[in-house]
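The values are calculated or read from the model by the stated rules, or taken from the named source; none is laboratory data. Note that this is a predicted model, so its numbers are computed, not measured. Because the Cβ atoms are built from the backbone with ideal geometry, glycine has one as well, and the counts that use them run over all protein chains shown.
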Amino acid sequence: MPRLRDRPTADLVVLGLAVVVAFSVVVSTIGAVVLVIADPSADLSKIGARLADVTNTLIGAIVGYLAGRGVPDKPKEPPDA
């Protein structure tokens, strides 16, 4: 498995965004569990909606970046002489 410095920049961008998504989901889940333990009557619907929005945006960024990479560049046409 190649080291991170040997990977292409595109792979590092996707890896970084995936780490941010995973981190936000894990931390928010732990926070929600702690909040429910501390206050069982707490309403988590607003927090859940915000987390879903952030996660959706980050996953959209990953998919959009990968979709943009999948489009080949147009070959340059020689200028008319």
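Please work out which residue is farthest from Y65 (Cα to Cα), limiting yourself to the stretch 1-14 and to residues that are surrounded by 12 or more Cβ atoms within 10 Å (Cβ to Cβ) and either free of Cβ contacts under 8 Å to residues at least 12 places away in the same chain or polar (S, T, N, Q) (or both).
R7
Mind listing just one residue for me: the one in the stretch 13-50 that is small (G, A, S) and outside any helix (DSSP H, G or I) and, of those, farthest from V63 (Cα to Cα)? I'd like the intermediate steps shown before the answer.
Looking only at the stretch 13-50, we keep the residues that are small (G, A, S), and these are 16, 18, 22, 24, 28, 31-32, 38, 41-42, 45, 48-49.
Now narrow it down to the ones that are outside any helix (DSSP H, G or I): 41-42.
Working: S41: 37, A42: 34 Å.
Ranking the candidates gives S41 first.
State whether one or more residues within the stretch 44-51 are of a type in the set (S, T, Y), within 21 Å of the chain's Cα centre (by Cα) and at pLDDT 85 or above.
No, every residue in the stretch 44-51 fails to be of a type in the set (S, T, Y), within 21 Å of the chain's Cα centre (by Cα) and at pLDDT 85 or above.
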